[in-house]
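Here the structure comes first, spelled out in structure tokens, and everything after it is commentary.
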Amino acid sequence: GSEMCIRDRLDNLNEINSAHYAQHPTNSNLAARIASYELAFNMQKHAPEAVDFDQETDATRDLYGIDGSRTDDFGRKCLLARRLVERGVRFIQVYSGGAHNDDNWDAHGSLERNHGIHAGNTDKPIAGLIKDLKQRGLLDETLVVWGGEFGRTSMNEERNGSKFLGRDHHPDCFTVWMAGGGLNHGITFGETDELGYAVARNPVHVHDLQATILHLLGLDPFHFSYRY
């Protein structure tokens with residue numbers, strides 16, 4: 001079959017690369033290239049089974065909102081994430097948004113409508129993913145991090161004297177939440193002022209967030225570094 005054909009070609013390529021690598025053992029780029037080919041083959045080999053939802057029950061599909069409604073698309077992404085976790089994939093990104101205007105969360109205009117769309121599309125699948133990971137005993141060893149790169153101002157903006165119905169970018173104050181992965185749950189850290197505009201208590205720098213994630217992954221954030 002096609003899998004054997006690809007395997008034969010890869011074996012031939014690895015034989016050539018390995019012979020070259022033997023003459024240049026300090027070439028780390030070549031070693032990484034050989035390893036990347038093997039990784040790509042393994043991904044191709046196992047991908048068809050990982051994305052096959054036929055064995056999932058109706059109850060599981062309902063848990064994620066896979067029912068042809070507005071939650072169907074993101075629900076499939078979250079269910080695929082759980083299936084990848086089960087198969088030992090170490091890093092998974094589930095992305096919401098993209099493109100332009102109301103196809104993403106960039107609500108400079110009509111914020112209530114925009115966020116209503118995306119929150120409604122993602123709310124049930126997110127809850128389903130966390131519940132499913134927990135009931136399968138996977139949540140304790142899986143860290144879920146949900147966030148974006150900035151927040152939104154806490155008031156509507158005015159531009160050119162007319163009411164601007166959206167909110168502008170706001171990097172000074174926003175929320176990231178995490179679940180699973182050895183966390184102490186039920187904790188909220190940090191507070192804003194009464195307007196939700198600035199951090200008033202317990203600010204968290206991005207380095208602090210990264211240190212927490214590294215710690216939960218078993219890495220010492222104060223001694224681990226990779227300079228490149």
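The values are calculated or read from the model by the stated rules, or taken from the named source; none is laboratory data. Just so it is clear, the model here is predicted, and its values are computed rather than measured. Glycine also receives a Cβ, built like all others from the backbone with ideal geometry; neighbour counts cover every protein chain displayed. The protein model used for the area step is the full one, side chains on, heavy atoms only, and it has no ligands, DNA or RNA in it. Shrake-Rupley method; radii C 1.70, N 1.55, O 1.52, S 1.80 Å.
Once the C-beta distance of N101 and D123 is scaled by a Förster radius of 25 Å, the resulting FRET efficiency is 0.75 to the nearest 0.05. Compute, for the chain, the length of the dipole vector about the Cα centre, with Cβ point charges of +1 (Lys, Arg) and -1 (Asp, Glu) only. Units Debye, rounded to 20. For the chain, the charge dipole is close to 280 debye. Normalised by residue count, the stretch 169-209 yields a Cα convex hull volume of 90 Å³ per residue. For the Cα atoms of the chain, what angle does the longest principal axis make with the long axis of helix 72-86, in degrees from 0 to 90, nearest 10? Around 50 degrees separate the two axes.
Annotation: aspartates and glutamates with alpha-carbon distance below 15 angstrom to K134 (same-chain offsets under eight excluded): E86.
Computing Cα Rg over 2.2 N^0.38 Å for the structure here picks out one of [x] 1.31; [y] 0.97; [z] 1.45, namely [x]. At a probe radius of 1.4 angstrom, the accessible area of the chain per residue rounds to 70 square angstrom.
Could you please state how large a percent of the accessible area of the chain is carbon and sulfur, counting protein chains only and using a 1.4 Å probe? Could the numbers behind the result be given before it?
Details: 8410 of 16040 Å².
Here carbon and sulfur together make up 52 percent of the probe-accessible area.
Dipole orientation for the chain: of the candidates M155, P48, A32, A32 has the Cα lying most toward the positive pole (charges on Cβ; Lys, Arg +1; Asp, Glu -1). Distant-in-sequence amide contacts of T192, defined by a placed amide H-H separation under 5 Å and a gap of 5 or more residues or a different chain, comprise A200.
Phi angles of the stretch 166-180 translate, via the Karplus equation with coefficients 6.51, -1.76, 1.60 and θ = phi - 60°, into HN-Hα couplings of x, 10, 8, 4, 8, x, 7, 7, 6, 10, 10, 10, 9, 9, x Hz per residue; Gly and Pro are given as x. Taking the charge dipole of the stretch 75-228 about its Cα centre, with +1 at Lys and Arg Cβ atoms and -1 at Asp and Glu Cβ atoms, the residue from G137, N121, H108 reaching farthest to the positive side is G137.
Charges only on Cβ, +1 for Lys and Arg, -1 for Asp and Glu: so what's the dipole of the stretch 103-228 about the Cα centre, in debye to the nearest 20? Present the calculation step by step, with values, prior to reporting the outcome.
On the way: 11 positive and 17 negative charges, 58 e Å.
Its charge dipole is roughly 280 debye.
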